[in-house]
Structures are given as C-alpha cells and as structure tokens.
Amino acid sequence: MLNDPSPAVQSYQRTPIGTDFVLVDTRRELMWLIPQNPALKTWDDAVASVAGINSVQPGGYGDWRLPDRNELDSLVLRSAKNPALDAGFYGDNATTFSQSFWTGSPYVVDSRLAWGIDFSYGDISPYTKSTSARVIYVRARVFNTP
C-alpha cells in the first residue's frame with residue numbers, strides 16, 4: 001500500500017552498476033537507479049537529465065524516468081528521520097539521503113513549482129523549480145528482471 005504511515009522494513013535487492021547501483025523494489029514493483037552521489041539539479045535540469053541517463057542504459061535499461069510524487073512519497077518511512085527512509089534503500093549514505101529530492105510531478109496550480117520530498121523527515125511539498133535538489137531515477141519492474 002502506498003504511503004503507509006509505518007511500512008514494514010523490507011530488503012532491497014541491490015545491484016552495483018559502476019559506482020551507482022540499482023535497487024529492485026518488489027513491494028512496489030519498481031526498479032530504482034541510485035547514483036552514488038545523487039547530483040543537485042534544478043527541476044528543469046533534472047527532467048533533462050533523464051535523456052542522458054537513458055542514452056547510457058544503466059543496468060541495460062533505457063526507460064528510466066524521474067519518480068512521480070506518489071512513487072517517491074511511497075519510500076518515506078514516517079517512523080524514521082535523517083533520513084526518513086528504510087536503511088536498505090540508502091545504504092551507508094544517510095547524509096546524502098537526508099536532503100531534498102525532485103519528483104517528476106509538476107505542481108499543477110503554479111507552473112513555477114514542482115513536487116519534491118525532503119527525506120530528512122519525509123515532508124513532501126512544492127518547491128520552486130529553480131531550487132537545487134537531488135535526483136534519483138525509477139522504472140517499472142519487469143517480471144524476472146535481474
């Protein structure tokens with residue numbers, strides 16, 4: 001169930017890809033591409049970065065995208081903080097993941113804004129698109145993928 005107030009901690013299947021890694025999220029049927037050091041980007045730069053990521057096909061896939069608001073919010077572990085994430089997701093990179101991350105979801109009411117999540121406490125809110133936030137990527141998990 002998305003947005004569980006306190007979802008059960010799960011294990012993620014982590015596969016290294018150079019210095020980055022892919023996580024298979026069997027609970028949500030998603031694959032996450034997690035850069036070793038997720039870059040700070042404006043929202044427009046984050047959206048534009050998807051084409052570059054797909055051109056190199058990390059993990060053998062060329063259909064990565066920015067997560068939508070619900071997908072990124074579904075990762076929040078409301079019973080944790082700094083970061084408000086399952087440790088299986090962020091590994092030993094707690095400092096980086098205690099920051100803000102972009103979603104691919106624009107804020108419909110105001111075109112100058114897009115949704116972001118601050119994983120320090122799991123807050124989701126609209127950010128000005130010129131703000132710098134970190135970027136991770138997602139794709140739908142295909143049955144029997146590595």
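Coordinate-derived values only; no laboratory data. The model shown is predicted, which means the values in this text are computed figures rather than measured ones. Here Cβ is always computed from backbone atoms with ideal geometry, including for glycine, and neighbour counts include all displayed protein chains.
Key figures for this structure:
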| quantity | calculated |
| --- | --- |
| Cα Rg, Dmax, the range 13-140, angstrom units | 13.6, 40 |
| Over the chain: helical MRE at 222 nm, DSSP H runs n ≥ 4 each giving -39500 (n - 2.57), nearest 500 | -4500 deg cm²/dmol |
| Net charge dipole size for the chain [Lys, Arg +1 and Asp, Glu -1 on Cβ; Debye, nearest 20] | 40 debye |
| Amide N of the range 51-77 lying under 15 Å from the label point, which is placed 7 angstrom from the Cα of Thr15 along Cα→Cβ | 57-64 |
